[in-house]
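Chemist: One structure coming up, written as structure tokens, with questions to follow.
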Amino acid sequence: MWWNVGLSPASKQAKSKSTDLSYRVLLDNINSIIDMYNVDFIALGEVSNQDVLFLEKNIDYNKFSILDLTQQVGKTRFDVCVIFKHTKIIVKFEDQIKATLQGQTIKAGQSVKVVNLDDESSIIVYLCHWASRNRDENREKRIKSADTISFYAREKTMKDHDVIIMGDFNDNPFDESIYDRLNATRCTERVKKYPKELFYNPFWRYLMSSTPYSHHQLCTKYLSGTYRFSHIKGNWHLFDQILVSGSLLGGSNWHLDESETFVLNSNQFSELLEKKPLIFDHFPVICQLVRP
Amino acid sequence: MKFNFNEMLVKGHEQAEQTLINRTEIQEVFTELRESIIEYGEITVSLYDQVEFEANSNSRPMIGLFEARIPTGYTLLNIGSDKFQKTLFKYKEAPDGYPISIEFLYEKFLCSNQDEFASAISGILSNPQANLIIREVISKLKEANT
């Protein structure tokens, strides 16, 4: 699962929302997700080292551990942590992946290795939180990030590793960074044919509202993404996605289960995005892998 | 002319020229790196390329009685002399020069031009762990000279 919880953005200008209230709400929601969806791997975005310390003290430490990935990079930092069920998997930090663009460091992502304890099989997961949309020039940074992650992810897929790329990309599935640079497509047939070259993006399904418009229906909400902000072409954006390597569509012991892969926009989370004071502004995304 | 090979030859020629420029640029960065280490350590230091091989022997195929060593695709950039060397970082250069990937400890940088390549190396040189490697090499070379 990936969730940009928005507690402590890495940007220096952004205010931290870490309060007793936000911590309590976050913890309640993480626990309810774990209970309802039996999640083994939870990556949280926009957290600080302080937030990780809080979570570490308050999660069920008999079952779960935390990997703090809020590493400093020059004047900024990565802002991700991973909560994982240590009774089933181990998560090991692998690399910080960076690039430079006109002298500025680009935080393309971090990679972790997820090892399944019962058969020692492993999956490489790239965790990404790319440059925001508040400046036009950040588009170049997101494209650079995509090129960089694509290079390293492809090194892994070429050596038959299962790979997952997840995060808040600040781009939609059809944007250049995801579609053209990461080669993450919605075409299952094509990905199965070229599993080492293409990624499958199951989140294309969530670009449209699950409520089709009809004059019979009295509906005011048409949720169609993971993040809401007003834009000339639409209010909803699907910035949070989980992309899987083609190997997970039949070339590995592990398989993507698309029926259990979704944006978590149930009433409980919809209300969270509307509650004042606003703490959370992204929906979580969940993806299930199964071994038949 | 039926197949228009001439046009392709011209295209290939232009791309080959760019490849030669890229390789020269990369070499310039390595040369400046070497000169800077020499100036910093006040001793002659050389750079050596060494092919990196996979560490995990379980996946190695057998050739006759011998295990084949599988290259990772990366080159180790060693600094020192012909008697003593240490790896500073590893890199992988594309056939046309760029992109060039550099790995140092747990950091990976992908560079698509000379500026980005030089920036990535600057980042490594300012890292305390890299400095310790450089200091160890300088100290060993000075010891060997006395």
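The values are calculated or read from the model by the stated rules, or taken from the named source; none is laboratory data. Please read all numbers here as calculations on a predicted model, not as lab measurements. Cβ sites come from the backbone with ideal geometry, for glycine too, and all protein chains shown count toward neighbours. Heavy atoms of the whole protein, side chains included, go into the accessibility calculation; ligands, DNA and RNA do not. Shrake-Rupley method; radii C 1.70, N 1.55, O 1.52, S 1.80 Å.
Chemist: What's the Cα-based Rg to Rh of the range A:198-292, Rh via Kirkwood?
Modeler: Looking at the range A:198-292, the ratio lands at 1.04.
Chemist: Let me ask something additional. What lysines does B:LYS11 reach when the alpha-carbon gap must be under 23 Å and sequence neighbours fewer than 8 apart in one chain are set aside?
Modeler: Reachable lysines: B:LYS2.
Chemist: Search the structure for amide H atoms under 5 Å from the amide H of A:ASP257, placed 1.01 Å from N in the peptide plane, and list their residues when 5 or more places away or on another chain.
Modeler: A:GLN288, A:LEU289, A:VAL290
Chemist: Moving on to the next point. Using a 1.4 Å probe on the protein chains only, how many percent of the accessible area of the range B:98-146 belongs to carbon and sulfur?
Modeler: On the range B:98-146, the fraction of accessible area on carbon and sulfur atoms equals 49 percent.
Chemist: How far is it, in nm, from the label point at B:ASN4 to the one at B:THR24 when both lie 7 Å from their Cα along the line to the Cβ?
Modeler: Placing both labels 7 Å along Cα→Cβ, they lie 3.1 nm apart.
Chemist: Something else about it: Which value in Å does the Kirkwood hydrodynamic radius of the range A:44-125 take, with 1/r averaged over all unlike C-alpha pairs and then inverted? Please list the in-between numbers first.
Modeler: Values: mean 1/r = 0.0721 Å⁻¹.
Kirkwood radius, the range A:44-125: 13.9 Å.
Chemist: Right, next: Over the range A:187-227, with every protein chain in place, what whole percent of the accessible area is carbon and sulfur at 1.4 Å, could you tell me?
Modeler: Carbon-and-sulfur percentage of accessible area, whole number: 56.
Chemist: A further question follows. Please compute the Kirkwood hydrodynamic radius of the range B:97-146 from all pairs of different C-alpha atoms, in Å with one decimal.
Modeler: So the Kirkwood estimate lands at 12.2 Å.
Chemist: Skipping prolines and chain starts, which residues have an amide H placed within reach, meaning under 5 Å, of the one on A:SER48, given they are 5 or more residues away or on another chain?
Modeler: The list, which skips near neighbours in sequence, is A:SER8.
Chemist: Determine how large the accessible area of A:THR157 is when every protein chain is in place; take a 1.4 Å probe and give Å² rounded to the nearest 10.
Modeler: 10 Å²
Chemist: Which residues belonging to the range A:88-105 lose at least 50 Å² of 1.4 Å-probe accessible area when the assembly is complete, relative to their chain isolated?
Modeler: Residues shielded by partner chains are A:ASP95, A:GLN96, A:LYS98, A:THR100.
Chemist: I've got another one for you. Per residue of B:109-118, how many C-beta atoms from partner chains lie within 10 Å of its own C-beta, taken as a mean?
Modeler: For this peptide, the per-residue mean of nearby foreign Cβ atoms is 5.
Chemist: Moving to a separate point now. Past 28 Å, Cα to Cα, is the threshold; run A:LYS17/A:LYS57; A:LYS98/A:LYS196; A:LYS15/A:LYS276 against it and keep the listed order.
Modeler: In this structure, not one pair exceeds 28 Å between Cα atoms.
Chemist: With every protein chain kept in the model, how would you rank A:GLU197, B:GLU25 by accessible area, 1.4 Å probe, largest at the top? Walk me through the intermediate numbers first.
Modeler: Working: A:GLU197 80, B:GLU25 45 Å².
Reading off the accessible areas and sorting them downward yields A:GLU197, B:GLU25.
Chemist: Same structure again: Semi-axes of the equivalent ellipsoid for the protein assembly as shown, please: Cα gyration tensor eigenvalues, times 5, square-rooted, ordered largest first, whole Å.
Modeler: Working: eigenvalues 338, 143, 108 Å².
Working through the eigenvalues yields semi-axes of 41, 27, 23 Å.
Chemist: May I ask you to rank A:LYS98, B:LYS2, B:LYS140 by accessible area, largest first, using a 1.4 Å probe over the protein chains only?
Modeler: My answer, sorted largest first, is B:LYS2, B:LYS140, A:LYS98.
Chemist: Could you derive backbone 3J(HN,Hα) for the range B:66-80 from the dihedral phi with the Karplus parameters 6.51, -1.76 and 1.60 (θ = phi - 60°), listing whole Hz in sequence and x where the residue is Gly or Pro?
Modeler: After applying 6.51 cos²θ - 1.76 cosθ + 1.60, I find 9, 7, 6, 8, 9, x, 7, x, 9, 10, 7, 9, 9, 10, x Hz.
Chemist: Something else now. Can you run the Rg to Rh ratio on the range A:1-81? Use alpha carbon positions and the Kirkwood inverse-distance Rh.
Modeler: 0.96
Chemist: If you build the Cα gyration tensor of the range A:78-233 and take the root of 5 times each eigenvalue, what three semi-axes come out, in whole angstrom, biggest first?
Modeler: 28, 22, 17
Chemist: Mind pulling the per residue volume of the convex hull built on the Cα atoms of the range A:253-292? Å³ is fine.
Modeler: About 62 Å³ per residue, rounded to a whole number.
Chemist: On each of the three principal axes of the Cα atoms of chain B, give max minus min coordinate, whole Å, ordered largest first.
Modeler: Extents along the principal axes, in whole Å: 70, 45, 28.
Chemist: Additional query: Solvent-accessible area of A:ARG139, probe 1.4 Å, all protein chains present, reported in Å² to the nearest ten, please.
Modeler: In the full protein context, A:ARG139 sits at about 100 Å².
Chemist: Next up: In the range A:151-173, which residues give up 30 Å² or more of accessible area once the other protein chains are added, compared with their chain alone (1.4 Å probe)?
Modeler: Residues losing area: A:PHE151, A:TYR152, A:GLU155, A:LYS159.
Chemist: On the full set of protein chains, 1.4 Å probe, figure out the accessible area of A:GLU140 and give it in Å² to the nearest 10.
Modeler: 100 Å²
Chemist: Normalising by the residue count of the range A:87-194, find the relative contact order in percent from Cα pairs under 8 Å and 6+ residues apart.
Modeler: Reported relative contact order: 23 percent.
Chemist: Across 5 Å bins from the origin, how do the percents of Cα pairs in the range A:150-263 run, short distances first?
Modeler: Final binned percentages: 2, 12, 21, 21, 17, 11, 8, 5, 2, 1, 0.
Chemist: Tell me the total accessible area that B and A bury against each other, 1.4 angstrom probe, in square angstrom rounded to 100.
Modeler: Separately minus together, B and A give about 1400 Å² buried.
Chemist: Would you mind working out the accessible area per residue for the range A:221-292, using a 1.4 Å probe, and quoting it in Å²?
Modeler: The answer is 47 Å² per residue.
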